[in-house]
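Okay, so here's the structure we're looking at.
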Amino acid sequence: MAERVAIASDHAAVDMKAALAAYLRGLGHEVIDLGPEAADPVDYPDYGYRLAEAIAAGRADRGVALCGSGIGISIAVNRHPAARAALVSEPLSARMAREHNDANVIAMGARLVGIEMAKACLDAFFATAFGGERHLRRVDKLTHPPFASTEEPA
C-alpha cells in the first residue's frame, strides 16, 4: 500500500537519502524530500524537527531520518510527541520497531549501514503492521508520558 513518506538527512547522509527516496518511489510511495539537497554542512536537528513536524501535521504517514550515525537525527525526531523514531541497522530491528513500538519513523546511519541493508530495513519497516493490543498501553505512554504520575509503573 502506497504511503506518503517524508525523508530527511544531514550532509553525511545526503547520498543515501537520494538513493532511498528513489527506492521508495520505485515501490510506489509518494516521497516528500525535506532536504538537504547538497552535502554542504547542515545541522541534523533542523532536519529531524522538519521530519517530525511533517508527521505531526499529517503531511506524511511515515518518515525516514538519516545522518552519519542515525543517532543525532533520531534524537531530534523523538523530541516531538507525535513521532516515534527507531534507530535500526538491520531488518529484524525495523520489523520489531513497527510491531512492538508502532514506530512511524525509521532512522539509520549512512556511515554505518550500507545501501542494500538500508533497503532491506525499509522493506521490513513498511511491510510490518503494529501488533496492537498488548503493546498499545506502552505506545500510548510514549505519546503521553506520565511524568507527573505518582503511580507505580505498570
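Here PRO145 does not fit the description of being modelled with pLDDT of 95 or more and over 20 Å from PRO36 (Cα atoms). Within the stretch 10-35, residues that are at positive phi have Cβ atoms under 8 Å from residues that are of a type in the set (Lys, Arg) and part of a helix (DSSP H, G or I) in these pairs: GLY35/ARG50, counting only partners at least 6 apart in sequence or on another chain. Across the stretch 48-74, the qualifying residues are those that are without any contact (Cβ under 8 Å) to a residue 40 or more places away in the chain and among the aliphatic types (A, V, I, L, M), and the one among them that is farthest from VAL88 (Cα to Cα) is ALA57.
Can you name the residue in the stretch 56-95 that is farther than 17 Å from LEU20 by Cβ and β-branched (Val, Ile, Thr) and is also surrounded by the most Cβ atoms within 10 Å (Cβ to Cβ) among such residues? Going through the qualifying residues, I end up with ILE75.
The residues of the stretch 1-57 that are assigned to a helix (DSSP H, G or I), over 15 Å from the mean Cα position of the chain (by Cα) and over 22 Å from SER69 (Cα atoms), listed by number, are ARG25, GLY26. ARG59 passes every criterion in (1) at pLDDT 95 or above; (2) of a type in the set (D, E, K, R); (3) farther than 14 Å from VAL5 by Cβ apart from (3). Note on the stretch 71-126: residues that are among the aliphatic types (A, V, I, L, M) and either in a helix (DSSP H, G or I) or over 11 Å from the mean Cα position of the chain (by Cα) (or both) amount to 19. When residues in the stretch 99-127 are screened for being crowded, with 17+ Cβ neighbours inside 10 Å and either at positive phi or modelled with pLDDT under 95 (or both), 2 of them pass. The numbered conditions (1) under 16 Å from ALA124 (Cβ atoms); (2) touching a strand residue (DSSP E or B) at 6+ places or on another chain (Cβ under 9 Å); (3) modelled with pLDDT of 95 or more; (4) surrounded by fewer than 24 Cβ atoms within 10 Å (Cβ to Cβ) are all true for TYR23 except (2). Answer yes or no: is there a residue in the stretch 1-19 that is within 22 Å of THR143 (Cβ to Cβ) and surrounded by fewer than 22 Cβ atoms within 10 Å (Cβ to Cβ). Among the residues of the stretch 1-19, at least one is within 22 Å of THR143 (Cβ to Cβ) and surrounded by fewer than 22 Cβ atoms within 10 Å (Cβ to Cβ), which makes the answer yes.
The values are calculated or read from the model by the stated rules, or taken from the named source; none is laboratory data. These numbers were taken from a predicted model, which means no experiment stands behind them. For neighbour counting, all protein chains shown are included, and Cβ atoms are generated from backbone atoms with ideal geometry for every residue, glycine included.
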